[in-house]
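Worksheet: the structure to be examined is printed underneath.
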Amino acid sequence: MNKKPPPDDAPGAAVTATALTVTRGSRTVLDDLHFTVEAGQVTGLLGPSGCGKTTLMRALAGTQAKVTGTLDVLGHPAGDPRLRHRIGYVTQAPSVYDDLTVRQNLAYFAAVLDPGRRATARRAEAVTRALADVDLTSHADALAGQLSGGQRSRVSLAVALLGTPELLVLDEPTVGLDPVLRRDLWNLFHRLAADRGTTLLVSSHVMDEAERCHRLLLMREGRVLAEGTPEALRARTHRPTVEEAFLHLVDAADRPATPPEERTP
Ligand SMILES: Nc1ncnc2c1ncn2[C@@H]1O[C@H](COP(=O)(O)OP(=O)(O)OP(=O)(O)O)[C@@H](O)[C@H]1O
């Protein structure tokens, strides 16, 4: 699994949320969230479908309307134009051009990020590196439209890696991938954190992916149920797996508060 421990001299929080609330339509979809995402670590954002993971990621990337509270990202308010090149956000739907090859897709996005003739060599280098990062070098000349779903989502990830972002926000990047590709991607996430100091926030609704993360944000129904390392969550709940810890926390949250007269002294 290659889950290296985070460095001892971790540089603090890359993201800090205080009273973060988001409404969509008439619904409060994120309700008074307080959490941090530690810099240089892989943080898993886990919770059932519909709990608000995508909404939280959109808020971080600055693409979500009706956000209140404080959301500080790399020292700036979320959505600040200065963050544009410092964050890589990969949505669930791969954003690639089907009629271009993998390399042409990357070259196109590289030209948007780093335009001009003088940057030609730098762009070529960035494209080659991003292709290698996601293990698509051998498919560089294939049309994106002829790739499998997993390969297409890796092209999207490669696009996000072009600008060497400090914060990578990945919305369910391993959905639909076979176990070998899932393992390879998690290894890549850990290499990015360990070798480049990248901060990663990776969402998933598959609880077994939790064990691969340095830290977790467990969400449910628009709230953060728990935050911490997988080890701490297991220890706190006396459960052997994060999945069981999560279910225990859900049950505890659902249990009506014990009336005072029934409490043991
Ligand atoms: N455009 C919208 N208008 C109103 N409500 C929305 C809109 N988009 C999403 N929602 C609601 O917001 C809630 C959170 O959705 P969100 O997509 O953030 O959840 P999620 O945890 O990412 O789910 P999934 O794992 O299925 O992608 C859901 O209850 C959803 O129905």
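The values are calculated or read from the model by the stated rules, or taken from the named source; none is laboratory data. Note that the coordinates shown come from a computational prediction; the quantities given were computed from them, not determined experimentally. Reconstructed Cβ throughout: ideal geometry from the backbone, glycine too, with neighbour counts over all protein chains shown. With ligands, DNA and RNA removed, areas are computed over all heavy atoms of the protein, side chains included. Shrake-Rupley method; radii C 1.70, N 1.55, O 1.52, S 1.80 Å.
Observations on the structure shown:
- By a 1.4 Å probe calculation restricted to protein chains, Leu225 has an accessible surface near 40 Å², given to the nearest 10.
- For Thr54, solvent-accessible area (1.4 Å; no DNA, RNA or ligand), Å²: 50 Å²
- Separation of region 213-255 from region 142-160 is 33 Å, based on Cα centroids.
- Taking the Cα centre of the chain as reference, the dipole from Cβ charges on Lys and Arg (+1) and Asp and Glu (-1) amounts to some 740 debye.
- Largest first, the residues Tyr97, Tyr89 sort by 1.4 Å accessible area into Tyr97, Tyr89.
- Neighbourhood net charge (15 Å Cβ-Cβ; Lys/Arg +1, Asp/Glu -1) for Ser156: -2
- Dimensions of the chain based on its C-alpha atoms, expressed as ranges along the principal axes with the largest first, amount to 76, 38, 37 Å.
- Magnitude of the charge dipole, region 168-265, Cβ model with Lys/Arg +1 and Asp/Glu -1, debye to 20: 320 debye
- Each of His214, His34 has its accessible area taken with a 1.4 Å probe; listed largest first, they run His34, His214.
- Among the protein heavy atoms of the chain, carbon and sulfur supply 51% of the accessible surface, probe 1.4 Å, non-protein parts ignored.
- Rounded to the nearest 10 degrees, the inclination of helix 102-113 to the longest alpha-carbon principal axis of the chain is 80 degrees.
- Gained length - Leu113 relative to Ser138, 0.36 nm times residue gap less alpha-carbon distance: 6.6 nm
- Rounded to the nearest 10 degrees, the inclination of helix 120-133 to the longest alpha-carbon principal axis of the chain is 50 degrees.
- Unit charges at the beta carbon, dipole of the chain: most positive-side option, Pro81, Leu192, Leu136: Pro81
- Residue of Ala107, Ala126, Ala252 that the Gaussian network model of the chain assigns the largest fluctuation, springs spanning Cα pairs under 10 Å: Ala252
- Residue-normalised accessible area of region 93-164, expressed per residue, 1.4 Å probe, Å²: 53 Å²
- Positive contributions from Lys and Arg (+1) and negative ones from Asp and Glu (-1), summed over other residues with Cβ under 15 Å from the Cβ of Ala142, come out at -1.
- The angle separating the long axis of helix 149-161 from the principal Cα axis of greatest extent in the chain is about 80 degrees.
- Lys, Arg +1 and Asp, Glu -1 on Cβ, resulting dipole of region 93-200 about Cα centre, debye, nearest 20: 340 debye
- Asp195 contributes an accessible area of around 110 Å² to the protein surface, as traced by a 1.4 Å probe with all chains present.
- Sorted largest first by accessible area at a 1.4 angstrom probe radius, with every protein chain in place, the residues His238, His85, His190, His205 fall in the order His238, His85, His205, His190.
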